[in-house]
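As structure tokens, the structure follows; a few thoughts come after it.
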């Protein structure tokens with residue numbers, strides 16, 4: 001599924017699905033549900049509940065990784081589907097956020113068990129933005145389920161940064 005999304009302080013989070021294929025059940029119950037959930041999070045102001053701040057996490061320095069990244073341990077201060085129990089990877093030179101990975105502190109539903117996530121970030125035109133999210137979950141009855149989402153940006157803070165195009169869905 002390809003979706004154009006837009007976020008701003010006045011209009012909140014908006015989306016439009018521009019291309020889709022594959023399982024109708026997965027599209028409606030997982031992908032569209034994820035978009036609706038993000039829209040609800042922005043509308044309710046819950047996005048601050050996911051921030052990497054001392055209000056949400058306890059931090060402890062762990063190690064310096066071989067790939068020029070420093071690793072911080074993060075422990076959520078409460079159980080929440082937006083918080084991760086795991087590690088934050090930052091650039092050793094400038095402390096810029098590169099990756100967050102770990103297990104969700106609260107599973108999103110009764111049916112979903114142990115959700116492992118990796119969120120990747122980059123700077124585009126000086127603004128740190130998410131570029132990919134991957135998760136692996138154990139789903140009751142269905143077994144192991146994987147989810148991958150990538151972001152391509154046309155504009156950030158009103159400045160043109162790219163020309164993403166919808167992909168043609170393959171049956």
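The values are calculated or read from the model by the stated rules, or taken from the named source; none is laboratory data. Note that this is a predicted model, so its numbers are computed, not measured. We place every Cβ from the backbone using ideal geometry, glycine too, and count neighbours over all the protein chains shown.
For region 71-80, indicate whether the set of residues that are under 28 Å from residue 32 (Cβ atoms), in contact with a helix residue (DSSP H, G or I) (Cβ under 8 Å, 6 or more places away or on another chain) and surrounded by fewer than 17 Cβ atoms within 10 Å (Cβ to Cβ) is non-empty. Scanning region 71-80 turns up at least one residue that is under 28 Å from residue 32 (Cβ atoms), in contact with a helix residue (DSSP H, G or I) (Cβ under 8 Å, 6 or more places away or on another chain) and surrounded by fewer than 17 Cβ atoms within 10 Å (Cβ to Cβ). Hey, any hits in region 88-101 for a residue that's more than 17 Å from the chain's Cα centre (by Cα), assigned by TED's automatic domain parsing to the domain that holds residue 122, exposed (fewer than 11 other Cβ atoms within 10 Å of the Cβ) and more than 23 Å from residue 122 (Cα to Cα)? Scanning region 88-101 turns up no residue that is more than 17 Å from the chain's Cα centre (by Cα), assigned by TED's automatic domain parsing to the domain that holds residue 122, exposed (fewer than 11 other Cβ atoms within 10 Å of the Cβ) and more than 23 Å from residue 122 (Cα to Cα). Of all residues in region 2-43, those being at pLDDT below 80, in a loop (DSSP other than H, G, I, E, B) and in contact with a helix residue (DSSP H, G or I) (Cβ under 7 Å, 6 or more places away or on another chain) number 0.
Within region 117-151, work out how many residues are outside any strand (DSSP E or B) and either modelled with pLDDT of 85 or more or surrounded by 14 or more Cβ atoms within 10 Å (Cβ to Cβ) (or both). Counting residues in region 117-151 that are outside any strand (DSSP E or B) and either modelled with pLDDT of 85 or more or surrounded by 14 or more Cβ atoms within 10 Å (Cβ to Cβ) (or both) gives 3. For region 39-70, enumerate the residues that are surrounded by 14 or more Cβ atoms within 10 Å (Cβ to Cβ), in contact with a strand residue (DSSP E or B) (Cβ under 6 Å, 6 or more places away or on another chain) and under 16 Å from residue 104 (Cα atoms). Matches in region 39-70: 57 only.
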